[in-house]
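Enquirer: I am attaching a structure below and will ask some questions about it afterwards.
The values are calculated or read from the model by the stated rules, or taken from the named source; none is laboratory data. Everything quoted here is computed from the prediction, not taken from an experiment. Positions of Cβ are backbone-derived with ideal geometry, glycine not excepted, and every protein chain shown enters the neighbour counts.
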Amino acid sequence: MAAMLDIKDINVYYGAIHAIKGISLTVNEGEIVTLIGANGAGKSTTLRTVSGLLTPKEGEIKFLGETISGLPAQDIVRAGISQVPEGRRIFANMTVMENLELGAYIRTDKEGIEKDYQMVFERFPRLAERKEQQAGTLSGGEQQMLAMGRALMSRPKLLLLDEPSMGLAPLLIREIFNIIVDINKAGTTVLLVEQNANMALSIANRAYVLETGRITLSGDAKELAASEDVRKAYLGG
Ligand code: ATP
């Protein structure tokens, strides 16, 4: 069976900086795949390239059999990929509801959109209590939930999550990760970038380890979590 997302040997640059040096990876329908690695390894750059914010200089990205590398970001959203960016990037001066409405901007099916607001509020009851609140006044965890809710409003087939644990207390990280598992069980495929390798490997099916723009290890998440090299480098020994 062909992979849902197929990244083939991409090279990505920021001007003269060669950030991604020939990365290939796949995500199959229904999986949670995680990309782990130290600061600056190129995890966010990889996600930004999938979502069309960056274009690979070489290589190709296919989604559901179609080439998406080179397409404008909004066409990639339309194809079924939605990104929750690092640092949430919610619209601070808008309400919770207005942020969610923006997430649905590519859609015209009013009834479906209404249903999905309900789905988001069921998944994130804290947002339901705060529909009219200015998003900038939400706590860090609530902002992460809003960013995820906004991404779900485009009804993605593939959800890209960039460091959802960033800046959150351990209990809240667990809550967010439980929600990621629920979203996946409900049918959304997930590509998760994380510095918190322990948590990421605990929920993922497969994982890739990134080091300075290259994949150095990949495989079954449980096996990687048990591997001596990964433990030493990323899981605190
Ligand atoms: P982190 O966990 O710190 O976000 P990361 O693995 O996501 O790290 P990237 O943000 O993808 O790493 O960065 C990969 C490399 O590209 C780094 O060397 C970084 O300095 C560089 N880089 C990232 N964004 C830019 C940019 N806008 N301009 C120039 N270089 C950049």
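Enquirer: Could you list all residues from the range 23-48 that are surrounded by 17 or more Cβ atoms within 10 Å (Cβ to Cβ) and charged (D, E, K, R)?
Expert: Within the range 23-48, Glu31, Lys43, Arg48 meet the criteria.
Enquirer: Just to check your reading of the model, which residue among Arg130, Arg126, Arg150 is within 13 Å of the chain's Cα centre (by Cα) and among the basic types (Lys, Arg)?
Expert: Going through Arg130, Arg126, Arg150 in turn, the sole match is Arg150.
Enquirer: A further question on this structure: Tell me the residue from Ala226, Ala200, Ala233 that is more than 10 Å from Gly37 (Cα to Cα), aliphatic (A, V, I, L, M) and surrounded by fewer than 21 Cβ atoms within 10 Å (Cβ to Cβ), please.
Expert: None of the other options fit; the residue is Ala226.
Enquirer: Tell me whether the range 99-108 contains one or more residues that are polar (S, T, N, Q), more than 17 Å from the chain's Cα centre (by Cα) and crowded, with 18+ Cβ neighbours inside 10 Å.
Expert: yes
Enquirer: Next up: Just one of Ala169, Ala186 is closer than 26 Å to Ala38 by Cβ and at pLDDT below 95; which is it?
Expert: On inspection, the qualifying residue turns out to be Ala169.
Enquirer: With the requirement that a residue be within 16 Å of the ligand (Cβ to nearest atom), more than 19 Å from Asp162 (Cα to Cα) and assigned to a loop (DSSP other than H, G, I, E, B), what does the range 193-234 give you?
Expert: Of everything in the range 193-234, nothing turns out to be within 16 Å of the ligand (Cβ to nearest atom), more than 19 Å from Asp162 (Cα to Cα) and assigned to a loop (DSSP other than H, G, I, E, B).
Enquirer: Now for a different question. Note down all Cβ pairs under 6 Å where the first residue falls in the range 163-179 and is over 12 Å from Gln143 (Cα atoms), the second is modelled with pLDDT under 90, and they're at least six residues apart or on different chains.
Expert: Taking only residues 6 or more apart or on different chains, the pairs are Glu163/Glu86.
Enquirer: State all residues of the range 132-149 that are within 19 Å of Asp162 (Cα to Cα) and surrounded by fewer than 18 Cβ atoms within 10 Å (Cβ to Cβ); if no residue qualifies, say none.
Expert: Ser139, Gly140
Enquirer: Hey, another quick one. Does Gly219 satisfy being touching a Lys or Arg at 6+ places or on another chain (Cβ under 9 Å), free of Cβ contacts under 8 Å to residues at least 60 places away in the same chain, over 22 Å from Ile90 (Cβ atoms) and surrounded by fewer than 23 Cβ atoms within 10 Å (Cβ to Cβ)?
Expert: So Gly219 fits the description; yes.
Enquirer: Let me ask something else about it. Hey, Glu175 hits all of (1) at pLDDT 95 or above; (2) of a type outside the set (A, V, I, L, M); (3) within 19 Å of the chain's Cα centre (by Cα) but one; which does it fall short on?
Expert: (1)
Enquirer: Taking the range 48-84, which residues are in contact with a strand residue (DSSP E or B) (Cβ under 7 Å, 6 or more places away or on another chain) and of a type in the set (A, V, I, L, M, F, W, C)?
Expert: Of everything in the range 48-84, those that are in contact with a strand residue (DSSP E or B) (Cβ under 7 Å, 6 or more places away or on another chain) and of a type in the set (A, V, I, L, M, F, W, C) turn out to be Val50, Leu54, Ile61, Phe63, Ile68, Ala79, Ile81, Val84.
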